[in-house]
Structures are given as structure tokens and as C-alpha cells.
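This report concerns only the one structure given below.
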Amino acid sequence: MQINEDRDGGALYQANGTLWDHGEASPGLVDYLAADPALPPGQALVPGCGSGHDARALANSVREHWRHWQKARRAHDEALNQAREQNEKEELLRFQLEELDALALQEGELEQLEQEQQRLGNAESLIRTCQQSLNALYEGEDGTCNDHLSQVSHWLDEARNQDEGLSTIADTVESARLQVEAAADDLRHYLERLDLDPERLAQVEERLSQSYTLARKHRIRPEELVDHHRQLLAESDALGNVDAHLHALSEQEAAAQQQYMDSARQLSKARRSAAKTLSQQVQKQLTALGMKAAQLDARLSECSPTPGGLEEVEFLFSANPGQPLKPLGKVASGGELSRVSLAIQVICARNLTVPSLVFDEVDVGVGGGVAEIVGRLLRELGQHAQVLCITHQPQVASQGHQHWQVHKIQGDDTTHTRIQGLDETARVEELARMLGGVEITESTRNHAKEMLSKAQAA
């Protein structure tokens, strides 16, 4: 709904003096809405329902905000539980990463260490073998491979002067000699690098032992340690985002709670006003119903947040002077409960729609003028809902829009209940019976007819 700012709806509202939550709209507001061209055709709103439609809408809003808050709270709690589990996992990860970071194994390093361990562990044997091989090939004193090949190459060089067919063979022998010489050079360089180094061997074996031990602890193969280290680093980075997620959920829960509290406080304010008004109006009705000394207090007690708001509603009742107010359901008799219920229903009928109401002998303990008032109230209530009343009072029965007679039919071994609608003549007869008892006189009938006529004309 749009309202032009140059037309002050609030001023119109206040000037009339009839407030929305009094059950009807200010005439000024009604005129304002009808005249405003900004409003689309049709019903813009239901005016004057502060104690009815608007109140129910506010209560529904509180319940909806409660559900939203509880949903946000559950999501936050679940995230907190997951966070606790993740914190435990994060601690484990942190410990595992500390060990892996301390080891700092590089890609391909394990294979290199194993090769180096094998070489260092067999260094003595390798030195001896390589030296023997070098001596046999090139550096020996008792005729080396190189010496023999050199001699053969010399012979063949002299021989191919006599026969060129030996040239190829001579070249092959010379090539073999050169390869032997190259192999000897490689062996010599290898021996220079190869040294007995027990300290380095101990270092290599210690690092390999650490790697194998850590692999067993993580239940993986040693060659998988580097990839496993990367995987744990990625998991640790992912867990670092949990705090941000928790913070966001906490803010959502706080916002939902605040939204609930705001609407609940509005409902509490409306309830306090309505409770005071209801107590006063019920008191007037009870006085009219012959319960002059009775007191009813609609008391609001603060409680923890619920779907229904921030307070519990309790009706306290006292039937006699000097008696303290106590819960209505514990101290009121059946007849008192009926009359209190009648008074409340009549008052609330202005704003609430209840399909059907049943009153069982609501007029117990009253008669005469009070009974007639009870009947009038029931008739008034019948304008808003279907009211069924069981009564033995003619003053109440005459006020009904319809009159049904209930009686039992007994057989030898069975009993049936019969309900019969009464026309005007039968109704007069029944009212006369209720007035006069066993013997019905013409005077009683006239009294009954007059009573019915006056009641139906009201």
C-alpha cells in the first residue's frame, strides 16, 4: 500500500480518537483509504483489526521467527560439533605435518639415498674390484690388456704393408685398445670419487630409517611420503576455512534471534494491553452474570523464549471476597467455568471466529434476571458462531434461535435418545413446562408466549 506523504494518515488516525486495536477503524482512516487514488481497486486492507487479524498475524510472525531462529541455531550447533571434530583432526594433522616438515623429503630423494647407501655400504669391495680391473686394463706391471692390444696393433700395422686385407682387422684392434684406455680413464675417475666415508653412510642410513618409520606410522609405502605430505597440506588449508564459516553461522543465528525477540516484544506489548482490557471487560460481564464478587486476572508470566512468545498466559480466578486468586481450572466450579467461558467468548467474538461453541448448563446456580442476561449473551454470541447450549432455564431457552428437546425412550432392554426440533407452538409448551412444572396453566402459557416473543424480538 502506498500513501502520499502530503496526506498525513497518522494525523487522521490520531484526530478521530478511535484506535485500531479497539476493534474498529478510525472513520478518518476509512475515508482516507477510500479517497486515496494511489490505492488499487478492491480491498486494500481490513481496517480496525489490531486486536484480531493484526494480532494473529503478529503471533504467526513470532512463531515463524522462532522456527527461523531454531533452524539457524541448529545449523550453528551442528557446525560447532563438526568444528570440534575438525579441531581434533586439525591437531592430528598439525602433529603429522610437523613430522613430515621436519623430514622434508624431496621428490626422488628416497631413491637417491637408497642408491647411495648401497654404494657406500659396498665401497671397500668396489674399490678393490675397480683397482684390480684398472690394473688389468692399463696400470698393471705384468702385461695389461692395453699392453697386449698395443703389441698386436703394432704387429698388424707392419703386416698390412704386405697385405691390405689386414687393414680392417688392424683398425678394429686399435679401436679396442682406445676403448680399453677410455674405460681405464673412467675407472680412474670413479675411484677418485669412491671413498670410504662411514660418517656419510651413517647419515644416509639414519635418514632412510626416519623415512621408513614415518611411512609405517602413516600406513603408506615410503615412496608415497612426498605425495602424502602434499595431501595433508591441502587438508590443513581447507580446515582453515572452518572459522570463517562458523562466524557467518553465528551472525545468522544472532540476527534470527534478534528478529524473534523484536517480534516477541511487540507481541508481549500487545498481550499486556489486551490482558488488561480483557480482565476489565470480563469483570463487567461476570458482574452482570450474578458473580459480583468474582475476580478474573489474565496474568502474564515471563518465561524462556517459546514459539508462543516470551510469556505464559494464565487465568487466575477468585469466586468469593477474601479468597486469593488461583488458577481458574483448579478453583472454579463447572457452572463458574461455564459463565467465565461465556463472558470471555462474548468479548472475544468481536475479533475471533470460532465455528462452534458448546455450553453445558452454563446457567447453573442462577435464575431470574441473571439467567435472562446469560441467555442474551448466548444469543449475541450466536450472531458470530454456532452456539449449542444445554439449559433448564426458560429465560435462557427463550433466547435461542432454535429450540430442540432431548428425551429418552426406554424399552425392555434398550434405551434411545431422541432429539426433536420444536416449532413455535411446541416451544411455548416447553417453556411453559419449564416455568410451571408438572401442571401447565393458561396463565403459564401466556407467560411463556410473552417471554418467547420478547426474546425473539430483541
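The values are calculated or read from the model by the stated rules, or taken from the named source; none is laboratory data. Only a predicted model underlies this, so the values are computations on that prediction, with no experimental measurement involved. Neighbour counts run over all protein chains shown; Cβ positions are idealised from the backbone, glycine included.
Against the conditions (1) more than 23 Å from the chain's Cα centre (by Cα); (2) at pLDDT below 90, ASN241 satisfies every one except (1). GLY143 meets all of the listed conditions (1) in a helix (DSSP H, G or I); (2) more than 60 Å from the chain's Cα centre (by Cα) but one, namely (1). Within segment 305-338, the set of residues being assigned to a strand (DSSP E or B), more than 26 Å from LEU381 (Cβ to Cβ) and touching a residue at least 12 places away in the same chain (Cβ under 8 Å) comprises PRO305, THR306, GLY309, LEU310, GLU311, GLU312.
Residues that are in contact (Cβ under 8 Å) with a residue 40 or more places away in the chain and surrounded by fewer than 16 Cβ atoms within 10 Å (Cβ to Cβ) within segment 134-152 comprise just one, GLU139. Output yes when any residue across segment 120-133 is without any contact (Cβ under 8 Å) to a residue 60 or more places away in the chain and among the acidic types (Asp, Glu), and no when none is. Looking for residues that are without any contact (Cβ under 8 Å) to a residue 60 or more places away in the chain and among the acidic types (Asp, Glu), one finds none in segment 120-133, hence no. In this structure, is SER209 free of Cβ contacts under 8 Å to residues at least 40 places away in the same chain and in a helix (DSSP H, G or I)? For SER209, the condition - free of Cβ contacts under 8 Å to residues at least 40 places away in the same chain and in a helix (DSSP H, G or I) - is met.
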